[in-house]
1. Out of all the residues in the range 120-133, which are farther than 23 Å from residue 287 by Cβ and not small (Gly, Ala, Ser)?
2. When only residues in the range 4-55 that are part of a loop (DSSP other than H, G, I, E, B) and of a type in the set (A, V, I, L, M, F, W, C) count, which is farthest from the chain's Cα centre (by Cα)?
3. Do you know which residues across the range 217-240 are in contact (Cβ under 8 Å) with a residue 12 or more places away in the chain and of a type in the set (Gly, Ala, Ser)?
4. Are any residues in the range 22-50 among the charged types (D, E, K, R) and either in contact with a Leu (Cβ under 6 Å, 6 or more places away or on another chain) or under 18 Å from residue 283 (Cα atoms) (or both), and if so, which ones?
5. Any idea how many residues of the range 59-92 are touching a residue at least 40 places away in the same chain (Cβ under 8 Å) and either assigned to a strand (DSSP E or B) or hydrophobic (A, V, I, L, M, F, W, C) (or both)?
6. What's the number of the condition residue 238 fails, among (1) buried (at least 17 other Cβ atoms within 10 Å of the Cβ); (2) at negative phi?
7. Using the structure shown, decide if residue 135 is in a strand (DSSP E or B), of a type in the set (Val, Ile, Thr) and either under 20 Å from the mean Cα position of the chain (by Cα) or not assigned by TED's automatic domain parsing to the domain that holds residue 26 (or both).
Amino acid sequence: MEAAPSNRGLLKIGQGKSTVAPIPIPSVPDDSILVKTVAVALNPTDWQTLDEVPAPGFSHSLLGVDAAGIVVEIGKGVTKDFKIGDRVAGFSHGGNDRNPVTGTFANYILMKGDVSLHIPPSMSFEDAATLPCGIGTVGLAFYRHLELPTLTFPVEEKSGGPGPYILIYGGSSATGSLAIQFAKLSGLTVITTASPRNFDFVKSLGADHVLDYHDPEVGSKINALTSNTLHLVLDTIAVPSSSSICAAALSTSPSPDTKLLYVTLLPIAMSRPEVKNIFFLAYTISGEEFEIEGEVWPASPEDNSLARVFIGLFDGLLREGRIKTHPVGLREGGLEGILGGMMEMKEGKVSGQKLVYRISDEQ
């Protein structure tokens, strides 16, 4: 007789404290799918969430946001065309004090069905696990906060001359590499920053201009390159030095109807008050309220609806093989090994790749 499935997860049990422990297999809400996890990918938010002060009354929460696996149960409210046994990649809010069963670092996990991805047959679980968080982030950054026209599938190649400039600061990051590709699909002229060792990589993704962020004059060089017209910036690094470079790069004399938009993945100051400084979190694509370090983020049905559109776009692009995934740094150790990878990231030892861990032996 086959043994009943069991579940274990990497749990946050206090500020900076975690453990791998048995947990129940979660019941499936109407809008969710239950997934047997095959591979998970790490993101900076994983160690940042572990280090956050938990909410009053906190007991534990499941960590992790990116995963790929196999559908084992489907909520009755899911409208996307999933079947039991489908290969799926998705995003879940790990370290969620409001809902501690969400997260991806476990054998069996929940994903929001209508904002999850079909994995094409040609793609490995490891590659697929690198995608969901980045897709949610780039989709909201571009189509909500940078106010670009929302693309739908099929996407035609843009014709005509060069499009408006966009600066994607940190092009060799996992989010930056997807942002470059989405920007090219939108017909933009892409400027990005990277270390010289990653120049060829970001150019292979479609970047039109690549500059070394170590150069003390990089901001003014970008401003000159764009003839003082840059008004769209996505800062995937979001530290004081990146903000200063972006401030120097942005136009100082935009036309009256042009907004200067600086979109970031962490709350960071922008020295120029005329620039609209937008910090957001991709967790809003869940359509649910959440809380981080005492700040309540209201539910955003609008972001959830938008995500359904751009996730559908991405499904089509994956089927056609038009998206390059981020380089994978495959690590050993399964659930028990993840904390070591999180510490590598926290210490700045990971560059140009996304750490991935196998959780089961499915192929």
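The values are calculated or read from the model by the stated rules, or taken from the named source; none is laboratory data. The structure presented is a predicted model; accordingly, all values stated were derived computationally and were not measured. When we count neighbours, we look across all protein chains shown, and the Cβ atoms used for this are built from the backbone with ideal geometry, even at glycine.
1. Correct list: 120, 121, 123, 125, 126, 127, 130.
2. By that ranking, first place goes to 4.
3. Matches in the range 217-240: 219, 220, 238.
4. 31, 46
5. Selection size over the range 59-92: 18.
6. Unmet for residue 238, out of (1) buried (at least 17 other Cβ atoms within 10 Å of the Cβ); (2) at negative phi: (2).
7. So residue 135 fails the test.
Yes/no matrix, rows are residues, columns are (1) in contact (Cβ under 8 Å) with a residue 12 or more places away in the chain; (2) of a type in the set (Asp, Glu); (3) surrounded by 20 or more Cβ atoms within 10 Å (Cβ to Cβ); (4) out of contact with any helix residue (DSSP H, G or I) (no Cβ under 8 Å at 6 or more places or on another chain):
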position: 281; (1), (2), (3), (4): yes, no, no, yes
position: 284; (1), (2), (3), (4): yes, no, yes, no
position: 298; (1), (2), (3), (4): no, no, no, yes
position: 304; (1), (2), (3), (4): yes, no, no, no
position: 310; (1), (2), (3), (4): yes, no, yes, no
position: 331; (1), (2), (3), (4): yes, no, no, no
